[in-house]
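Accompanying notes for the structure given below.
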Amino acid sequence: MNKFNIGPLQSSPLIQRHPHNPVLAPTDVPYGPALVFNAGVTKFRGKYVMVFRNDYGDADKQTVFAHSTTNLGLAFSDDGIKWDVKSVPCWTWNDEEVIRVYDPRLTVIDDKCYICFAVDTKHGLRGGIATTEDFENFEVLSLSLPDNRNMVLFPEKIGGKYVRLERPMPVYSRGGIDRFDMWMSDSPDLRYWGNSQLVLAVENVPFANDKIGPGAPPVKTKHGWLTTFHTTDLDFNRGKNGWEDSWKKRYTAGIMLLDLENPSRVIGMAASPLIAPEASYEIEGGFRNHVIFPGGMILEDSGEVKIYYGAADTVECLATAHVDDLIRLCLEGK
Ligand code: BMA
């Protein structure tokens, strides 16, 4: 059992929650999901694209159906704020072995769009990478061994290789509890992955006591790769905190800067959360309250950074900040 509680956490004053939050909610989606969250967002061929997670159930009764009903939805936008949601889900993957696909992240490399995703299978949780031209057909390029997920691709090759951040779930070797860290692997072709290295350990994040994992795919700045991650802290005093009988975890978004040439080297990390659950849509009425789960990050030419995150496993939200402020925050380590 984790021995210490983290206590209250606040978001950085450098971020602004968008006044139109949540930017996507179940009521915006025509085919009736109960929960719409944990989206991947990118800019692709002149449009903002969002692939989001749909979970189904009965929101009035605050119940969700069994996991196998999860699928992915699709929306486009001209401004990254108002979304045109497609009339049907874009990817449902149920077969003999696969239970569901979820938590997508999008990366564009050389004008091709890649989607990283988690897959629950009958024999473990796997992380996958697929490519798509039309967001209707997905060609799966690789699936990891269990147990691994939260994969995100860097938007260009580094040292001649594709690179991903990921979060395996070692249990035996980490004391039989969640003590999960962030790792990195590289690949010559997006299919075969190796050279795995530890990037950030959970014990080095002061506002986590449980596990951490990659958030949105990194963006390039002249100071390094700027990237979000999610953190989890567990407090056994938390009780019913959502639709379930009890939900004892809190998720926040952290931010760090990785070396441009060797991204397994952390150059700097903010010592407090970038986004901690505070807004009403993050802390009340949701399936799992107090969850911030970043999955999309876009650096605009103006220097504005758009950070998309699932809130309370129920809606999708947007926060913005200036890239220079985020870099300073990481470098100062405050
Ligand atoms: C994680 C993942 C996420 C989810 C989070 C909070 O383990 O399953 O999809 O947002 O838990 O429930």
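The values are calculated or read from the model by the stated rules, or taken from the named source; none is laboratory data. Since the model is a prediction, treat every value here as computed from it, not as a measurement. All Cβ positions, glycine included, derive from the backbone under ideal geometry; neighbour counts span all protein chains shown. All accessible areas refer to the heavy atoms of the entire protein, side chains included, with ligands and DNA or RNA removed. Shrake-Rupley method; radii C 1.70, N 1.55, O 1.52, S 1.80 Å.
Using the 1.4 Å probe convention, the accessible area of the stretch 1-87 works out to 50 Å² per residue with neighbouring protein chains retained. For residue 167, neighbours were defined as the other residues whose beta-carbon sits under 14 Å from its Cβ, and their charges (Lys and Arg +1, Asp and Glu -1) total +1. Let me know the shape class of the stretch 78-166, please: from the alpha-carbon gyration tensor, a ≥ b ≥ c as square roots of the eigenvalues, rounded when a/c is under 1.5, otherwise prolate if a/b is greater than b/c, or oblate. Since a/c reaches 1.5 but b/c is at least a/b, the shape of the stretch 78-166 is classed as oblate. Using the Cβ of residue 23 as centre and a radius below 14 Å, the other residues enclosed give a net charge of -3, where K and R count +1 and D and E count -1. Length available on full extension from residue 18 to residue 123: 0.36 nm per residue minus the Cα-Cα distance, which gives 33.8 nm. Computed with a 1.4 Å probe on the full set of protein chains, the accessible area for residue 123 sits at about 140 Å².
Once you order the gyration tensor axes a ≥ b ≥ c over the Cα atoms, which shape class does the stretch 22-332 get: rounded for a/c under 1.5, otherwise prolate or oblate by comparing a/b with b/c? Rounded is the answer for the stretch 22-332, as its axis ratio a/c remains below 1.5.
The lysines whose alpha-carbon is closer than 19 Å to the alpha-carbon of residue 43, local same-chain residues fewer than 8 away aside, are 82, 86, 112, 157, 220, 306.
Shown in residue order for the stretch 260-265 are the 3J(HN,Hα) couplings computed by the Karplus curve 6.51 cos²θ - 1.76 cosθ + 1.60 at θ = phi - 60°: 4, 8, 10, x, 7, 9 Hz (x for Gly and Pro). Using a probe radius of 1.4 angstrom, the carbon and sulfur fraction of the accessible surface of the chain is 50%. Gain on full extension, evaluated as 0.36 nm per residue between residue 157 and residue 189 minus their Cα-Cα distance, stands at 10.5 nm.
How about the stretch 155-213: which trypsin sites (Lys or Arg not before Pro) there lie in a loop by DSSP and see at most 15 other Cβ atoms within 10 Å? Answer by residue number: 157, 191. Annotation: extensible slack from residue 172 through residue 240 equals 21.6 nm (criterion: 0.36 nm per residue apart, minus Cα-Cα distance). For the stretch 22-332, what is the relative contact order in percent, using Cα pairs closer than 8 Å and at least 6 residues apart in sequence? Once divided by the residue count of the stretch 22-332, the mean separation gives 15 percent. Going 7 Å from the Cα of residue 248 toward and past its Cβ, which residues in the stretch 286-301 have a backbone nitrogen under 20 Å from where you end up? Answer for this model: 287-292.
Remark: the stretch 136-146, residue by residue, has Karplus-estimated 3J(HN,Hα) of 10, 10, 10, 9, 6, 9, 7, 9, 6, 5, x Hz, where x stands for each Gly or Pro and the curve is 6.51 cos²θ - 1.76 cosθ + 1.60 at θ = phi - 60°.
Residue pairs exceeding 30 angstrom between C-alpha atoms, taken from 122/248; 222/248; 161/222: 222/248. Taking Cα centroids, how far is the stretch 1-80 from the stretch 208-237 in Å? The distance from the Cα centre of the stretch 1-80 to that of the stretch 208-237 comes to 17 Å. Think of each Lys and Arg Cβ as +1 and each Asp and Glu Cβ as -1; about the Cα centre, that makes the dipole of the stretch 22-332 roughly 520 debye. Dipole orientation for the chain: of the candidates 121, 232, 93, 232 has the Cα lying most toward the positive pole (charges on Cβ; Lys, Arg +1; Asp, Glu -1). Other residues lying with their Cβ under 10 Å from the Cβ of residue 217 contribute a combined charge of +2, Lys and Arg counting +1, Asp and Glu -1. Quick one: grab the alpha carbon gyration tensor of the stretch 90-245, order the square roots of its eigenvalues as a ≥ b ≥ c, and give me rounded if a/c is under 1.5, else prolate or oblate depending on whether a/b is larger than b/c. Since a/c reaches 1.5 but b/c is at least a/b, the shape of the stretch 90-245 is classed as oblate. Between the stretch 173-190 and the stretch 262-304, what is the C-alpha centre distance in whole Å? About 20 Å separates the Cα centre of the stretch 173-190 from the one of the stretch 262-304.
Mean residue ellipticity at 222 nm, helices only, the chain: -1000 deg cm²/dmol; runs of at least 4 DSSP H residues each add -39,500 (n - 2.57), and the sum is divided by the number of residues. Sparsely packed loop sites in the stretch 175-237 (the chymotrypsin sites (Phe, Trp or Tyr not before Pro) outside DSSP H, G, I, E and B with at most 16 other Cβ atoms within 10 Å) comprise 192, 236. For the stretch 57-116, the Cβ-based charge dipole about the Cα centre amounts to some 120 debye (Lys, Arg positive; Asp, Glu negative; other atoms uncharged).
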